[in-house]
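J.: Quick one: the structure is below, questions incoming.
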Amino acid sequence: MKAALTLASKLTVGALFGIGCTICAPRSLRADPLRLRADAIGSTTSPVGLLVLRGEDKFKPWLDAEAVAWVGATSTPDVTGDALVLTVRARDLQGRGEVRVGRFVHVSGAVRPLHIDGLRATGRILASGTSVEVFTGAPVVMRFGTRPYDVAWGGRISQIAFGTLSFGVSYLQRHVGASVLDREVGPDLTFAPTEWFDFAGRAAYDLVSSRPTDALASLALKTGPLRTEAFVTHRSAGRLLPATSLFSVLGDIPSTTSGLSLRLHAAPRLDLWATGAALVQGDELGGYATGRASLALDDAHDGSVGFEVRRQYFGTARWSGGRVFTRVPVSRTFAATAEFELVVPDKPVGTSKVWPWGLLAIAYRISPNWDVAGAVEAMRTRDDRNEVHGLVRATWSLEKL
Amino acid sequence: MARRVPPHKRAPLTLALLILCMLVGACAGILGIKKKTDAGHPFEHRKHTVAGINCLTCHGPIKEATENAPITLPTTQTCLTCHKKPHDARDCNGCHGDQSIREGAMAARKHLKFAHKRHLPAVKGQCVPCHSEAGSVDPTSLRPAMAQCFSCHEHKDQWATNDCAGCHRDLPSEGSRPATHLVHDGEWLREHGIRAAASKELCSNCHQESMCASCHGKTTAALPWKLAVGDLKLDRLHPGNFMARHPMEAKIGGGLCTTCHAETTCSGCHSSKKVGAGTGAKSPHPVGWVRAVGGSHGTAARLDPVSCAACHGGAGEMLCVGCHKVGAPGGSPHGPGFASKLDKKKDLPCRLCHVP
């Protein structure tokens, strides 16, 4: 607890120091343009503060920095905090390459996303559309902790062709101590030859366990106001679990989902969505279906009213539900939101046969820099308790161009 | 030859069609099909242009406007230089001019690096080639389309590398989306992982590192949807009473929870709320789940290890090793046909059980 408080204090002091320096520094020393944003979210269960800092230097446009840190009290007894992002980026203004150093989430190609403290470098040959990306770093441990000898590295090589086709191959290797956790390799592809057709897919294969770990594909067709998407998702638990987990060696039954999603822009203010999918895990077969309609209350789509229905049927996870929602912009600065949901499980837990939930919220923009919102959330829990929570958000942002 | 439908059978169909047409007509305004009539009308640019009035007569300061100059909307005083006897004492802009067109122009001034001073000599003082809508009877926007910029400028390199900073001050905060942009609604939460794989550079035009980290970062407690308190987000990841549904959602998610949540998230919350595994807490598992020898958990885990992983993602070492060590009563946890290139004496998790 003491350690956590100390860390939270350090983060707060650091953030305040940063803001103070920025505001008080002579104009000539400031990064410009500069963007600061701070969100404070209070709830009856867990107040959290989030600070987002971004800075660019107009004298050195090839350099910028970004930081996101949070401090808060979670539902667990201790006060916690951490930095999510803390990076400095240097880039070639012509787009021939960039280097990023610090803490960031490395997302690239078909291999799994990694939150690392490390470095990523990208080089591009503009004439041919070829890119090469390499990264290395230590996987993030909570609260700036360290695990000696944990390291990850990898890269991606990609090519853009005809302006419509982009494909690449990526590789990732993770170590814990002296052990290799996984060696993942996979291709990725995006193909959008026309405005009405596009395809994207990726697949990953683990060289250690010699099995596919992840494969996703999406094919979308757009004809007038209708967008139709067919998708397939195949995931192995081994990909999602830490490779040190014994669950990764139980037999690893993959989960496959395939379905169809439709979106119809039925009228300038009316949108309809429908999704249906079949789900297979081992011998178990099930699926889900969702439908939603949303009607805008004005041409700017600031206000809306709509409903959603859902049916899920898989193993013991079976339920039906519906949700109605509305957002009414009372004025340019003031808006009210209301949502209500009712879920009926096929096999009730406890004595409660339905799980109702409702939320009432108001948002008020005090000034261009200040934005506040408050909400009351009421629900019936699985274990037959009625709960009411309050949520408050205050956002302050500063943008200096 | 098609058989004619008797009139008495056509009547219900005709009536139904009539009612449907009437309903659509009645709802046209609500659905946005009917043209709005209550808003202010656009400024009469066409009338002025046809009368031969040069744009700079009203927008004079624009010829010296640099990248950081304010927007040059004419004031009532500007109008009065020609319209000596106004028909109304009120501010001209109050009625003459559509607010949405003005806001579009102000947004362009704020978000784009554009100097009229530099462009006017190149187009010989002619505004209409770019602002062609000014000649329209009923313009919806006077902001030139991006394609208009590309008709003179070639930004091949920037386009190829998705480097938009040459013209856009800050696309992420701008929040604008070209008409041909990817659709980000409906099932985008599911789709984004597929489409971002090969198009990261496209995404980074609008989204910073913090966007990925707010979900995929392993140390966050700030749930992204909470940041949007007061907004209505239809594609929220955990909508409504997710707390009541989460065991069922986790089951169909295929272990997907661990994409965003740290391994300790489940156990931490269950322990603090005295629900689920933990000292003194009640277990969510049925009676007989774990017995001195066996229990139903082994069969369930083999059938559906994904469900175990949804809550016990990183705890396999602690939970299983006690019983499933080589020589321990739990025996081998491996499924049929299990294979691995890991060194069972050196690598994790093998060595937890295979090294005495």
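The values are calculated or read from the model by the stated rules, or taken from the named source; none is laboratory data. It should be emphasised that the depicted structure is a prediction, and the values quoted were computed from it without experimental measurement. Backbone-built Cβ (ideal geometry, glycine too); neighbour counts: all protein chains shown.
J.: Could you say which residue among A:70, A:62 is within 22 Å of the chain's Cα centre (by Cα) and modelled with pLDDT under 90?
T.: Values: A:62 fails: within 22 Å of the chain's Cα centre (by Cα).
Unique residue meeting the criteria: A:70.
J.: Is it true that residue A:275 is buried (at least 20 other Cβ atoms within 10 Å of the Cβ), at negative phi and either in the same structural domain as residue A:40 (by TED's automatic domain parsing) or hydroxyl-bearing (Ser, Thr, Tyr) (or both)? Steps first, answer last, please.
T.: Details: buried (at least 20 other Cβ atoms within 10 Å of the Cβ): yes; at negative phi: yes; either in the same structural domain as residue A:40 (by TED's automatic domain parsing) or hydroxyl-bearing (Ser, Thr, Tyr) (or both): yes.
Judged against the criteria, residue A:275 is a match.
J.: Can you tell which of B:221, B:160 is touching a Gly at 6+ places or on another chain (Cβ under 6 Å), facing chain A (nearest Cβ under 8 Å), at pLDDT below 65 and over 30 Å from residue A:320 (Cβ atoms)?
T.: Details: B:160 fails: touching a Gly at 6+ places or on another chain (Cβ under 6 Å).
It is B:221.
J.: Cβ-Cβ below 6 Å, separation at least six or inter-chain, first residue in the range A:137-156 and farther than 25 Å from residue A:71 by Cβ, second modelled with pLDDT of 70 or more and charged (D, E, K, R): which pairs?
T.: Here the result reads A:152/A:174; A:155/A:133; A:156/A:133, each pair linking the range A:137-156 to a residue that is modelled with pLDDT of 70 or more and charged (D, E, K, R).
J.: Same structure, new question: When the residues of the range B:1-35 are filtered to those that are farther than 19 Å from residue A:271 by Cβ and of a type in the set (D, E, K, R), which remaining residue is modelled with the highest pLDDT?
T.: B:10
J.: Quick check on residue A:326: is it polar (S, T, N, Q), in contact with a strand residue (DSSP E or B) (Cβ under 7 Å, 6 or more places away or on another chain) and either surrounded by 17 or more Cβ atoms within 10 Å (Cβ to Cβ) or more than 27 Å from residue A:48 (Cα to Cα) (or both)?
T.: Numbers: polar (S, T, N, Q): yes; in contact with a strand residue (DSSP E or B) (Cβ under 7 Å, 6 or more places away or on another chain): yes; either surrounded by 17 or more Cβ atoms within 10 Å (Cβ to Cβ) or more than 27 Å from residue A:48 (Cα to Cα) (or both): yes.
For residue A:326, the condition - polar (S, T, N, Q), in contact with a strand residue (DSSP E or B) (Cβ under 7 Å, 6 or more places away or on another chain) and either surrounded by 17 or more Cβ atoms within 10 Å (Cβ to Cβ) or more than 27 Å from residue A:48 (Cα to Cα) (or both) - is met.
J.: Looking only at the range A:324-336, how many residues end up being at the interface with chain B (Cβ under 9 Å from one of its Cβ atoms) and under 23 Å from residue A:354 (Cα atoms)?
T.: Taking the range A:324-336 first, the residues at the interface with chain B (Cβ under 9 Å from one of its Cβ atoms) are A:325-327, A:335-336.
With the extra rule that they be under 23 Å from residue A:354 (Cα atoms), the set shrinks to A:325-326.
Of the residues in the range A:324-336, 2 are at the interface with chain B (Cβ under 9 Å from one of its Cβ atoms) and under 23 Å from residue A:354 (Cα atoms).
J.: Need the failing condition index for residue A:219 against (1) at pLDDT below 90; (2) within 15 Å of residue B:194 (Cβ to Cβ), just the number.
T.: So residue A:219 meets the others, but not (1).
J.: Now a separate question. Going through the range A:377-387 one residue at a time, which ones are within 17 Å of residue A:43 (Cα to Cα) and surrounded by fewer than 17 Cβ atoms within 10 Å (Cβ to Cβ)? Even if it seems obvious, please write down each step before you answer.
T.: Pass one, the range A:377-387, residues within 17 Å of residue A:43 (Cα to Cα): A:377-379, A:386-387.
Hits for the range A:377-387 are A:378, A:386, A:387.
J.: Just give me the residues in the range A:297-316 being small (Gly, Ala, Ser) and either assigned to a loop (DSSP other than H, G, I, E, B) or more than 7 Å from chain B (Cβ to nearest Cβ) (or both), in sequence order.
T.: Restricting attention to the range A:297-316, the residues satisfying the condition of being small (Gly, Ala, Ser) are A:300, A:303-304, A:306, A:315.
Passing the criteria: A:300, A:303, A:306, A:315.
J.: Also, I was wondering about something else. What residue, among those in the range B:67-83 that are at pLDDT below 85 and loosely packed, with under 11 Cβ neighbours inside 10 Å, is farthest from residue B:143 (Cα to Cα)?
T.: B:68
J.: Filter the strands (runs of 3 or more DSSP E) completely within the range A:105-190 down to those with at least 3 residues that are at the interface with chain B (Cβ under 7 Å from one of its Cβ atoms). Talk me through it step by step, then tell me what you get.
T.: Details: elements: A:114-125, A:130-139, A:151-161, A:165-176.
Passing ranges, in order: A:165-176.
J.: Checking residue A:319 against (1) within 8 Å of another protein chain (Cβ to nearest Cβ); (2) at pLDDT below 90; (3) closer than 22 Å to residue B:240 by Cα, only one condition comes out false. Which one?
T.: For residue A:319, the failing item is (2).
J.: Kindly evaluate residue B:237 against the criterion of being part of a loop (DSSP other than H, G, I, E, B), loosely packed, with under 15 Cβ neighbours inside 10 Å and either within 10 Å of another protein chain (Cβ to nearest Cβ) or modelled with pLDDT of 75 or more (or both). Before you say what the answer is, go through the steps one by one.
T.: On the way: part of a loop (DSSP other than H, G, I, E, B): yes; loosely packed, with under 15 Cβ neighbours inside 10 Å: yes; either within 10 Å of another protein chain (Cβ to nearest Cβ) or modelled with pLDDT of 75 or more (or both): yes.
Yes: the conditions hold for residue B:237.
J.: Are any of the residues in the range B:259-281 within 30 Å of residue A:262 (Cβ to Cβ), modelled with pLDDT of 75 or more and assigned to a helix (DSSP H, G or I)? Break it down stepwise before answering.
T.: Taking the range B:259-281 as the starting set, the residues that turn out to be within 30 Å of residue A:262 (Cβ to Cβ) are B:259-260.
Imposing the further condition that a residue be modelled with pLDDT of 75 or more reduces the set to none.
So far as the range B:259-281 goes, no, none of its residues is within 30 Å of residue A:262 (Cβ to Cβ), modelled with pLDDT of 75 or more and assigned to a helix (DSSP H, G or I).
J.: May I pose another question? Cβ-Cβ under 8 Å, sequence separation 6+ or interchain: first residue in the range A:330-359 and closer than 18 Å to residue A:385 by Cα, partner at pLDDT below 90 and assigned to a strand (DSSP E or B). Which pairs?
T.: Going by the 8 Å Cβ cut-off, the qualifying pairs are A:352/A:380; A:354/A:380; A:355/A:380; A:356/A:380; A:357/A:380.
J.: Taking the range A:116-163 as the search range and keeping residues that are of a type in the set (Lys, Arg) and surrounded by 14 or more Cβ atoms within 10 Å (Cβ to Cβ), which one is modelled with the lowest pLDDT?
T.: Taking the range A:116-163 as the starting set, the residues that turn out to be of a type in the set (Lys, Arg) are A:120, A:124, A:143, A:147, A:156.
Those left that are additionally surrounded by 14 or more Cβ atoms within 10 Å (Cβ to Cβ): A:120, A:124, A:143, A:156.
On the way: A:120: 95, A:124: 88, A:143: 65, A:156: 96.
Once the filter is applied, the top-ranked residue is A:143.
J.: If I ask for residues that are small (Gly, Ala, Ser) and either buried (at least 17 other Cβ atoms within 10 Å of the Cβ) or not in a loop (DSSP other than H, G, I, E, B) (or both), which ones from the range B:96-138 would you list? Before the answer, list the steps.
T.: Within the range B:96-138, the subset small (Gly, Ala, Ser) is B:97, B:100, B:104-105, B:107-108, B:115, B:122, B:125, B:132, B:134-136.
Within the range B:96-138, B:97, B:100, B:104, B:105, B:107, B:108, B:122, B:132, B:134, B:135 qualify.
J.: Identify all residues within the range A:363-376 that are in contact with a strand residue (DSSP E or B) (Cβ under 8 Å, 6 or more places away or on another chain) and surrounded by fewer than 17 Cβ atoms within 10 Å (Cβ to Cβ); write none if there are none.
T.: Scanning the range A:363-376 gives A:364, A:366, A:369, A:370, A:376.
J.: Does the range A:391-399 contain any residue that is of a type in the set (A, V, I, L, M), outside any loop (DSSP other than H, G, I, E, B) and without any contact (Cβ under 8 Å) to a residue 60 or more places away in the chain?
T.: The initial filter retains those residues of the range A:391-399 that are of a type in the set (A, V, I, L, M), namely A:391-392, A:394, A:398.
Remaining after also requiring outside any loop (DSSP other than H, G, I, E, B): A:391-392, A:394, A:398.
Still in the list and also without any contact (Cβ under 8 Å) to a residue 60 or more places away in the chain: none.
The answer is no; no qualifying residue exists.
J.: Oh, and also: Please enumerate the residues belonging to the range A:191-213 that are of a type in the set (A, V, I, L, M, F, W, C) and part of a strand (DSSP E or B). First the steps, then the outcome.
T.: Applying the first criterion (of a type in the set (A, V, I, L, M, F, W, C)) to the range A:191-213 yields A:191-192, A:196-197, A:199-200, A:203-204, A:207-208.
A:191, A:192, A:197, A:199, A:200, A:203, A:204, listed by residue number.
J.: Would you be able to say whether some residue in the range B:72-92 is away from every other protein chain (no Cβ under 14 Å), in contact with a Ser or Thr (Cβ under 6 Å, 6 or more places away or on another chain) and either among the aliphatic types (A, V, I, L, M) or in a loop (DSSP other than H, G, I, E, B) (or both)?
T.: Within the range B:72-92, the subset away from every other protein chain (no Cβ under 14 Å) is B:72-92.
If we keep only those that are in contact with a Ser or Thr (Cβ under 6 Å, 6 or more places away or on another chain) as well, we get B:91-92.
Adding the requirement that they be either among the aliphatic types (A, V, I, L, M) or in a loop (DSSP other than H, G, I, E, B) (or both) leaves B:91.
Within the range B:72-92, one or more residues are away from every other protein chain (no Cβ under 14 Å), in contact with a Ser or Thr (Cβ under 6 Å, 6 or more places away or on another chain) and either among the aliphatic types (A, V, I, L, M) or in a loop (DSSP other than H, G, I, E, B) (or both).
J.: For the subset of the range A:251-293 comprising residues that are within 23 Å of the chain's Cα centre (by Cα) and charged (D, E, K, R), which member is nearest to the other protein chains (Cβ to nearest Cβ)?
T.: Checking each candidate, the answer is A:263.
J.: Also, I was wondering about something else. Applying the selection to the range A:176-203, what residues are at pLDDT 85 or above, more than 30 Å from residue A:223 (Cβ to Cβ) and not charged (D, E, K, R)?
T.: Of everything in the range A:176-203, those that are at pLDDT 85 or above, more than 30 Å from residue A:223 (Cβ to Cβ) and not charged (D, E, K, R) turn out to be A:185, A:186.
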